[in-house]
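Quick notes on the structure that follows.
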Amino acid sequence: MDFSHFGFDKDIEVSITSVGYTAPTPIQEQTIPSILAGRDLLGLAQTGTGKTAAFALPILQRLIGGTSCVPRALVLSPTRELAEQTHQTFVTLGKRGSFKSMSIFGGVSLSTQIKNYRKLMPEILVACPGRLLDLMGQGVVKLNSVEILVIDEADRMFDMGFLPSIKKIIVALPKTRQTLLFSATLPAEIAGLARQFQRDPVRVDVHASEPLATISHFVRPVSQADKYQALRTVLHGINQGQTLVFTRTKHRAKHLALQLTNEGFEATSLQGNLSQGQRDKAMSSFRSGKTSIMVATDIAARGIDITQISHVINFDIPDTPEAYTHRIGRTGRMLRKGVALTFVTPEDRQVLKSIERFMGAPIPLVGAKAV
Ligand code: AMP
């Protein structure tokens, strides 16, 4: 199947070709026709599957014609990084159609954001819930013209405590609208959100709990005291690609990145204690390949799309199987091969068991040299 099958407007088709997509991914094949037909949709899919374009393309198509200068499509995102990335997808795919998109998130000057918003008057808003509520409270953003709502990474937003904010935002939207909800997993609260705010949604399930077929994952038994040494050995053995290292806490991420830098590795860290400017700097230096190692907390576990990430190392095992899926999903993107390695101490045995149950198979053991 190719994209011509969907009957997109010429401008959108040209944009698809110019970004180099030749065939739709499975989630795009399964969601685009229903979204174009105006149906509500509940999509169970990991990032890395082409999920963003799966909603961005039909939204752009549906926005053709009609009023501009008022928000007509609203995407709610859990993190600033994902909001920015999604906004960029709209910009790239909507460039020829002159669509205006803007991302809205906290940690940047409110007054500058208001000025930019008033100047641009975008029809597409990609927003983190907290800052959007601020702008709504100040009467800057009015959502009474929204035709399509996307709740992206809904399970992640729930984990981050955004559910009450999301509900407040939804009640400010017109009742007649299209609601698309994407989530990697479907905890009861998200199923409840779908029941409360969607109308007869089409359900599309792209194997949310399985790792992507392009990822080989392993565990390496190690004591807490030997972790650093083991990490150094693994990193010395990687001579190509980008490596994302996950730690349990912000402090450990910062400390580990410093330790690595002091030893001559090109490492940066991404964690919630950084200012927006510092986060942007860390992301762009990792994205451009200037630094080959990023040490991060779970803030980077979802949504971050860097195709060159060849290795994910869980320096600390994640707390839940869902978090494991998201972390390892940062590699093996768009059919590139990826390796995920998890350090497991004797205290981690229980969590490892629950991850293996979730995955449906034991994760192979390796020594550092084999990675
Ligand atoms: P996502 O799951 O939305 O984070 O997308 C992951 C990556 O896949 C992004 O780099 C997209 O640009 C890319 N992508 C999305 N759809 C396609 C497609 N049909 N063909 C090739 N790459 C795609």
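The values are calculated or read from the model by the stated rules, or taken from the named source; none is laboratory data. This is a predicted model, so every value here is computed, not measured. Methodologically, a virtual Cβ is constructed for each residue, glycine included, from the backbone with ideal geometry; neighbour enumeration extends over all protein chains shown.
Descriptive notes on the structure:
- Segment 60-82: number of residues that are away from the ligand (no atom under 13 Å from the Cβ), touching a Gly at 6+ places or on another chain (Cβ under 9 Å) and not polar (S, T, N, Q): 7
- Test result for Ser4, over 25 Å from Pro164 (Cα atoms), of a type outside the set (Val, Ile, Thr) and without any contact (Cβ under 8 Å) to a residue 24 or more places away in the chain: yes
- Candidate set from segment 281-307 (those that are in a loop (DSSP other than H, G, I, E, B) and modelled with pLDDT of 80 or more); member that is nearest to Thr89 (Cα to Cα): Ser288
- Candidate set: segment 179-225, residues that are among the charged types (D, E, K, R) and more than 24 Å from Ser310 (Cβ to Cβ); chosen: the one modelled with the lowest pLDDT: Asp205
- All positions within segment 127-142 that are surrounded by fewer than 19 Cβ atoms within 10 Å (Cβ to Cβ) and in contact (Cβ under 8 Å) with a residue 40 or more places away in the chain: Lys142
- Among the residues of segment 28-52, the one identified as near the ligand (Cβ under 8 Å from one of its atoms) and either farther than 24 Å from Tyr324 by Cα or assigned by TED's automatic domain parsing to the domain that holds Arg330 (or both) is Gln28.
- Residues being at pLDDT 95 or above, more than 15 Å from Val339 (Cβ to Cβ) and among the aliphatic types (A, V, I, L, M) - total across segment 231-256: 1
- For segment 261-280, the tally of residues that are in contact (Cβ under 8 Å) with a residue 12 or more places away in the chain and in a helix (DSSP H, G or I) stands at 2.
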